[in-house]
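Colleague: One structure follows; several queries about it will come next.
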Amino acid sequence: MKIGLTDKTFAGLLDRLDPDRARAGEKYEDLRRTLVHFFEWRGAPFPEDHADETFDRVARRLAEGVDVKNPGGYCYTVARLILLETLKGRDSRRVRIEHVEPHSVAANATGEAAEKEARLACLDDCLRGLPAQSRELIIEYYRDDTRGRIDRRRALAERLRLRGEALANRAQRLRDKLEQCVNACLSKKRAT
């Protein structure tokens, strides 16, 4: 039986994030922002909706009695599954290629490549603008998506004498700063 998201199941999710309701609300907002960025940066349509779906599924699982030691990590795992479902669903709804004009495909591909190149150039500029310690932290934190990432992040937290959550928060703040910088850079490039 599937349990729908109710006030009670949402309250259960907040309780798992933190016993103090105010801190739980802050953690929820931080985690939601992180999930939205996760979906945005991976090209998922409607990132806010996917973040909400992640919370819905996690809250239902908690209400079903699943023992979750790390709610944030569990949310990330569920988000990855939702992303895979989304990308798989997008492939199944692809427009047949013979119904698209060839010149519009080439123009679109060229435009996307130019946009990607501009975004990467802006990211490089913004990274160079960070203090060396911040630049090293963000590059190390987001180096890749392999299994070894967890161990590297743990070692990074130990080296910086931070708790894992504090490291994640610092990385998220840096990522937000970089995203604002990249968006401002792209806006300037488009204006010229």
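A quick yes/no check of all residues on (1) surrounded by 11 or more Cβ atoms within 10 Å (Cβ to Cβ); (2) modelled with pLDDT of 85 or more; (3) in contact with a Lys or Arg (Cβ under 7 Å, 6 or more places away or on another chain):
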site	(1), (2), (3)
T146	no, no, no
E165	yes, yes, no
A171	yes, yes, no
K177	yes, yes, no
C181	yes, yes, no
C185	yes, yes, no
K189	yes, no, no
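Colleague: Against the condition modelled with pLDDT under 80 and assigned by TED's automatic domain parsing to the domain that holds H37, how does K116 come out, does it pass?
Modeller: no
Colleague: A follow-up question, please. Could you grab me the full set of residues in region 45-65 that are in contact with a helix residue (DSSP H, G or I) (Cβ under 9 Å, 6 or more places away or on another chain) and either free of Cβ contacts under 8 Å to residues at least 24 places away in the same chain or over 16 Å from T77 (Cα atoms) (or both)?
Modeller: Answer for region 45-65, where residues must be in contact with a helix residue (DSSP H, G or I) (Cβ under 9 Å, 6 or more places away or on another chain) and either free of Cβ contacts under 8 Å to residues at least 24 places away in the same chain or over 16 Å from T77 (Cα atoms) (or both): P45, F46, P47, E48, D49, D52, R61, A63.
Colleague: Continuing with the same structure: Name the residue that is surrounded by the fewest Cβ atoms within 10 Å (Cβ to Cβ), counting only residues in region 1-41 that are touching an Asp or Glu at 6+ places or on another chain (Cβ under 7 Å) and at pLDDT below 85.
Modeller: If we take residues in region 1-41 being touching an Asp or Glu at 6+ places or on another chain (Cβ under 7 Å) and at pLDDT below 85, then I3 is surrounded by the fewest Cβ atoms within 10 Å (Cβ to Cβ).
Colleague: If I ask for residues that are within 21 Å of E40 (Cα to Cα), touching a residue at least 40 places away in the same chain (Cβ under 8 Å) and of a type in the set (D, E, K, R), which ones from region 136-175 would you list?
Modeller: R175
Colleague: Separate question: In this structure, does A44 turn out to be touching a Ser or Thr at 6+ places or on another chain (Cβ under 7 Å) and modelled with pLDDT under 90?
Modeller: yes
Colleague: What are the residues in region 6-29 that are in a helix (DSSP H, G or I) and either of a type in the set (S, T, Y) or farther than 17 Å from A59 by Cβ (or both), if any?
Modeller: T9, A22, R23, E26, Y28
The values are calculated or read from the model by the stated rules, or taken from the named source; none is laboratory data. What you see is a predicted model; the values in this text were computed from it and never measured. Because the Cβ atoms are built from the backbone with ideal geometry, glycine has one as well, and the counts that use them run over all protein chains shown.
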